[in-house]
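Asker: Quick one: this structure, given as structure tokens, is what I'll be asking you about.
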Amino acid sequence: MQATACAYSNIAFIKYWGNRDHALRLPANPSLSMNLGGLFTRTTVRFSADLAADCATVDGQALQGASLARVSAHLDYARRLAGCALRAEVISHNNFPAGAGIASSASAFAALSLAAAAALGLELSERELSAYARLGSGSAARSVPNGFVVWHTGEDHASSYAESIAPADHWQLTDLIAIISTAHKAIGSTEGHQLAETSPLQAARVATTPSRLAECIQAVLSRDFERLARLVELDSDMMHAVMQTSTPPLLYWLPPTVAVMHRVRALRAEGVGVCYTIDAGANVHCLCLPESVERVRAELLAIQGVQEVRAAQAGSAAWLER
Ligand code: PMV
């Protein structure tokens, strides 16, 4: 009763921030992302009568306490569906260095969900798998389907899932990630989502997300980079406005983060196809058209405080290793 699955990380163009239901991770608003091809988690799950308790390692480090409990609770859902009480061993590796400032919870919970379901012989549809992954980390719902993905807010567990709007090969976008800090975040996203509603700006952000999402879907489908760039930056800025005005306020940006934002805007004004988006951290994801990649990479590396630049192109759906 063992299976191995892989899933890519993803970067949101329209951000998820705040929940309507924290326990179920039903989001306050719908979101849209692109899987990050090349940046993945590979996870093996083995259920066995020999195990007295669940155990898990990530990149060779044994999980303990709250992080092990989170994995265990996630496995419970699949165990309940399968009517199985066996404990499991989870072995997980990220192919990007831990602490490289690339979020791993999306790829981790997508891979864990697929591996656990397969190990137990559950035949889940992509929707069901996406909804299951959401329970571990909201953004993990979006790492299940292929390429460019929309996560519907939904009304309940079953209706809050993500689906592909276009496959990975639809548009050759590259995400150049300017790594500015590899430090562990003081406040992670699970806690951050709970603070969102303390910002007076969250209601306005949530109310206006559906129209930004609809326009962003059109921009992706028609490969309209100028339109995409405007929306992606606006949506990221709105999420950070909420973060910065919550109680307590969350300021994830560092001085080089702002320097990159200015540089990206200046480059686009010169006609270079690039825009920025920032998650709950200091690093900046710079989305580029193919012809802009080398210029943008050189420009980013020249900014003081940018430690390195990692590249990823649109990635496919989560997959099982046979
Ligand atoms: O899935 P979580 O709980 O790590 O939340 C992700 C939140 C952001 O990365 C900031 C935005 C997003 O939509 O990915």
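Asker: Ratio of alpha-carbon Rg to the 2.2 N^0.38 Å globular estimate for segment 118-264, to two decimals, please.
Answerer: 1.16
Asker: Here's another thing I want to ask about it. Quick one: which residues, 5 or more positions from residue 315 or on another chain, have an amide H under 5 Å from its amide H? H modelled 1.01 Å from N in the peptide plane, none for Pro or chain starts.
Answerer: HN-HN under 5 Å from residue 315: 35, 36, 37, 147.
Asker: Something else: Using protein chains only and a probe of 1.4 angstrom, how many square angstrom of residue 243 are accessible, to the nearest 10?
Answerer: About 0 Å², rounded to the nearest 10.
Asker: Compute the distribution of all C-alpha to C-alpha distances in segment 2-170, in bins of 10 Å from 0, and list the percent of pairs in each, rounded to whole numbers.
Answerer: 11, 42, 36, 11, 0
Asker: Now for a separate question. Please list, by residue number, every one of the GluC sites (Glu not before Pro) in segment 129-204 that is coil in DSSP and has at most 14 other beta-carbon atoms within 10 Å.
Answerer: 155
Asker: Could you tell me the distance between the Cα centroids of segment 36-84 and segment 242-263, to the nearest Å?
Answerer: Answer, in whole Å: 34.
Asker: With θ set to phi - 60°, apply the Karplus curve 6.51 cos²θ - 1.76 cosθ + 1.60 along segment 254-267 and write out the HN-Hα couplings as whole Hz, x wherever there is a Gly or Pro.
Answerer: Values per residue, Gly and Pro as x: 10, x, x, 4, 5, 4, 5, 4, 4, 5, 5, 4, 5, 5 Hz.
Asker: Moving on. Can you compute 3J(HN,Hα) from phi for each residue in segment 275-289, using the Karplus curve 6.51 cos²θ - 1.76 cosθ + 1.60 with θ = phi - 60°, rounded to whole Hz and x for Gly and Pro?
Answerer: For segment 275-289, the Karplus curve yields 8, 10, 8, 10, 8, 7, x, 8, 6, 10, 8, 10, 7, 10, 6 Hz.
Asker: In whole Hz and in residue order, list the ³J(HN,Hα) couplings for segment 205-219 that follow from phi through the Karplus curve 6.51 cos²θ - 1.76 cosθ + 1.60, θ = phi - 60°; x for Gly and Pro.
Answerer: 5, 5, 5, 9, 5, x, 6, 5, 4, 4, 5, 5, 4, 4, 4
Asker: A follow-up question, please. Can you tell me what percent of all Cα-Cα pairs in the chain are more than 24 Å apart?
Answerer: 51
Asker: Leaving ligands and nucleic acids out of the surface, order 43, 190 by accessible area at 1.4 Å, largest first.
Answerer: Values: 43 0, 190 55 Å².
Sorted by accessible area, descending: 190, 43.
Asker: Using the Kirkwood radius over C-alpha pairs as Rh, can you work out the diffusion coefficient of segment 253-295 via Stokes-Einstein at 25 °C, viscosity 0.890 mPa s, in µm² per second?
Answerer: The estimated diffusion coefficient comes to 232 µm²/s.
Asker: Please compute the contact order of the chain in relative form: average sequence separation of alpha-carbon pairs under 8 Å and at least six residues apart, divided by the residue count, as a percent.
Answerer: This gives 25 percent for the chain.
The values are calculated or read from the model by the stated rules, or taken from the named source; none is laboratory data. Quantities reported herein were computed from a predicted structural model and do not represent experimental measurements. We place every Cβ from the backbone using ideal geometry, glycine too, and count neighbours over all the protein chains shown. Each accessible area value is taken on the protein alone, full model and side chains, heavy atoms only, with ligands, DNA and RNA left out. Shrake-Rupley method; radii C 1.70, N 1.55, O 1.52, S 1.80 Å.
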